[in-house]
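**Student:** I am attaching a structure below and will ask some questions about it afterwards.
Derivation of every value follows stated rules applied to the coordinates shown; laboratory data play no part. Computed from a predicted structure; not experimentally measured. Positions of Cβ are backbone-derived with ideal geometry, glycine not excepted, and every protein chain shown enters the neighbour counts.
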Amino acid sequence: LGNMSARPLLCKQDRLRDFMHRRERGELLIQKIKKLQDNVLKKIQLSVSKDGFVHFGDTVMLLNPDNKSSLENYAGACGSLTLAINLDEISIYSAESLQAPCGVSAVESVDPVGRNTFCILSVDGGAAGEPIRFGQNFGLGTTGEFSDQMLYLASDHKSFTRFAKKSYLQQVFLTDELSYLTCWQATFLDPQLRLEYEGFPVP
């Protein structure tokens, strides 16, 4: 029979050794959360247009501007919103980087950070620096300021089994595969003039 009083001491030493080992490898939960915050909340410089148009390769935010008239009618409205990466609990606890598929949501923060900025990507051979045109396909990608793979903004038609959790409209999410779901187009705001503006650069 061993000394019973020595067992708790050995358990404490094992736990301490395990803690030190995990800390050295950056596997502690607090280290993972800090790394995640350092990346997704890192300040980003948005692209500034020199000719007044949006270009392939530009870094942009998708902003829904504040509409004062609708705010008066809807008590739950909260002003300007940007589209941002939605970090769920699983990714915070387990991920070293963003995992696909990854959700997106609207947030009140309008400061450009890794979480809410996207790069405009060519999907049909357009060169970086060329202006995007109305009716032309393009992609929106983000790494969340992690150094590994790009995730692409995608949307799919609503179905009985596939819809947004809160609005019950069509899903918008990030995926690691380029497909027709990740192709976006800019359309002119006035529906009466959309045909006339097809092919013109997007301001």
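**Student:** Based on the Cβ-Cβ distance from SER80 to PHE188, what FRET efficiency comes out when R0 is 25 Å, to the nearest 0.05? Provide the component values of the computation, followed by the final result.
**Tutor:** Numbers: r = 22 Å, r/R0 = 0.90.
In this case the efficiency is close to 0.65.
**Student:** Between SER159 and ILE44, what's the calculated FRET efficiency when r is the beta-carbon distance and R0 is 41 Å? Round to 0.05. Each step should come with its number before you reach the end.
**Tutor:** Working: r = 35 Å, r/R0 = 0.84.
Rounded to the nearest 0.05, the efficiency is 0.75.
**Student:** Show me the ranking of peptides 180-186, 162-168 by mean Cβ neighbours inside 10 Å, starting with the highest.
**Tutor:** Details: 180-186: 16.0, 162-168: 10.6.
Highest-to-lowest ranking by the protection proxy: 180-186, 162-168.
**Student:** Extension gain ALA106-LEU16, at 0.36 nm per residue separation less the Cα-Cα distance, in nm?
**Tutor:** On the way: separation 90, 0.36 × 90 = 32.40 nm, distance 4.17 nm.
That works out to 28.2 nm of additional length.
**Student:** In nanometres, what is the gap between the two model label sites at SER167 and SER179, each 7 Å from Cα along Cα-to-Cβ?
**Tutor:** Distance between label points: 2.1 nm.
**Student:** Could you grab the relative contact order for the stretch 11-197? Cα pairs under 8 Å, six or more apart, rounded to a whole percent.
**Tutor:** Details: 304 pairs, mean separation 38.1, N = 187.
Computed over the stretch 11-197, the figure is 20 percent.
**Student:** Would you please classify the overall shape of the stretch 11-197 from the alpha carbon gyration tensor, given that a ≥ b ≥ c denote the square roots of the eigenvalues, rounded means a/c under 1.5, and beyond that prolate means a/b larger than b/c while oblate covers the rest?
**Tutor:** Values: a/c = 2.07, a/b = 1.73, b/c = 1.20.
Verdict is prolate for the stretch 11-197.
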